[in-house]
Structure formats: structure tokens, C-alpha cells
Amino acid sequence: MTLSPLEQRLTRLKSEPLDQEDPRAKALAAKRKAQAWYMAQDKAGTDQEELGFGWSSLADLVLDQGLAQAWWAKGMERRTKKLAPDGTVPGLFILGLGKLGGQDLNFSSDVDLVAFYEPDLVPVLPFEGKTDVCSRVLRNLNSLLDGHKTGDFAWRIDWRLRPDPSVTDLAMSTEAGLDYFFFHSPPWRRLAMMKARVVAGDLEAGQRFLKELHPFIWKRSLDFRSIDE
């Protein structure tokens, strides 16, 4: 059977040794294995909706595990408290938007993410800036999964849909996030957040945030200006 150019490349990559103790190498190995599964299912005629759901579930898992690993990256122990045994970061959560939020990622999709934290819950040491620490963690996550500067990647990550990306860091408090969406965001943000789904971190905190955001996304009534927008 003739392999496609992509299958040939993946076969070659699978034969290259990876340091299985390195979190980044583990993520790359998992992605390569999943890519082979995806192509086999696609060839077998698996329903595209099912494939999109499976691919999105894999992204959720890798992002969630990666977030816990990013919390304990080198140097973070000076700024953070210990995590619970399950590795979940209390108060910090990531929302998936677009195809990831709608659980219909395709083979080559990147992942659109926004992140928020509940200040009273996030385990940051006293006298450390919580926005700064959480944003450092998210940059660590980028380094772990996104190889735009280092070659191979597990997932391409796009943070540009976060509130005011030109002036804000990668993480924002839930209070600041709600203030932005309800009072300062342009109309298209409502569409962008319709598919928002908690994909990593503190699930309960993320669900609370989305519940509070619901009246912004799904307004009870629309005036003429809103309809025009």
C-alpha cells in the first residue's frame, strides 16, 4: 500500500527516539500516535463529526495535563503553592473557542484559547502578582506544546481572541473578564464566546464563569442597534 507524504513523514518521525522523561517529548509522542489513529479512521470512512469529537477530546486531555506540568516548570516553585494530588490548578482555567470549543477540530486545526483565574482560589504565594504568575504558567504551556520557535509541536496555540490582546497578558481575573465582556467588548465577541467550553484547569471555576457570562452571550432582547451590529 502506498503511503501519502504525510503518512511517510509520520512514520519517519515515529522511528526517531524521544526522551520519554521529558514532558514535551511525551506530548509529541502522544500526538504522533493520535495522528496515525486519525488517518486510519479517516481512511476507514469514520464519520467526520466523530473524528472531530475524538480529536477535540485529545486536545482537552493534552492541554489539561500540560497546564499542571506548566505550573511546576523550573522556577515556578518560588511563586506557587503545591497542587492537589490530581494535579488540577485551583481557580485557573482555560476556555476553548472556535472548533475546539465546538468539539469539531480537524486534523490541522490550531486551538483558540482564553484563560481566566479566580483570585481567591488560585494557589499563588503571598506578595506574588496573580496575573503575572498565571500568565507565566500559560507561557510555559506554550513552550511545552507549541513549537513555533522550536520545530515540532503537539498543538498550535492561538491566544489572540483573549480580551484586548494588544494590551493584556495571557491570563485575566474572572472579575476583570466579566467587566470587559459586559461593558467594553465589541459585538463580535458575543459570537466568539458562543462556543466557549472549559477545556483545561479548574472545571468548576470555568463553569461558574460561563454561567455568569451567559446573559452577555445570549441577550434576552435585541434593540435595533444590536441587530445592526
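Here are the numbers for the structure shown:
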{"read-out": "Among Gly66, Gly98, Gly45: highest mean-square fluctuation, GNM of the chain, C-alpha pairs under 10 Å", "value": "Gly45"}
{"read-out": "Calculated FRET efficiency for the pair Asp152/Ala176, C-beta based, R₀ 30 Å, to 0.05", "value": "0.30"}
{"read-out": "Nitroxide proxy distance, nm - points 7 Å out along Cα→Cβ at Trp37 and Ile217", "value": "2.7"}
{"read-out": "Along each principal axis, Cα extent of segment 72-164, largest first, Å", "value": "41, 31, 27"}
{"read-out": "In nm, spacing of pseudo-spin labels at Trp188 and Ala25 (7 Å Cα→C-beta vector)", "value": "4.3"}
{"read-out": "Exposure of His214 as accessible area (Å², to 10), given a probe of 1.4 Å and all protein chains", "value": "100"}
{"read-out": "Convex hull (Cα only) mean projected area of segment 118-229, reported in nm² to one decimal", "value": "8.7"}
{"read-out": "Rounded if a/c under 1.5, otherwise prolate or oblate - segment 118-182, Cα gyration tensor axes", "value": "oblate"}
{"read-out": "Largest-first principal axis extents, alpha carbons of the chain, Å", "value": "60, 49, 30"}
{"read-out": "Nitroxide proxy distance, nm - points 7 Å out along Cα→Cβ at Ser108 and Arg208", "value": "4.2"}
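The values are calculated or read from the model by the stated rules, or taken from the named source; none is laboratory data. The model shown is predicted, which means the values in this text are computed figures rather than measured ones. Here Cβ is always computed from backbone atoms with ideal geometry, including for glycine, and neighbour counts include all displayed protein chains. Side chains included, ligands, DNA and RNA excluded: accessible areas come from the protein's heavy atoms. Shrake-Rupley method; radii C 1.70, N 1.55, O 1.52, S 1.80 Å.
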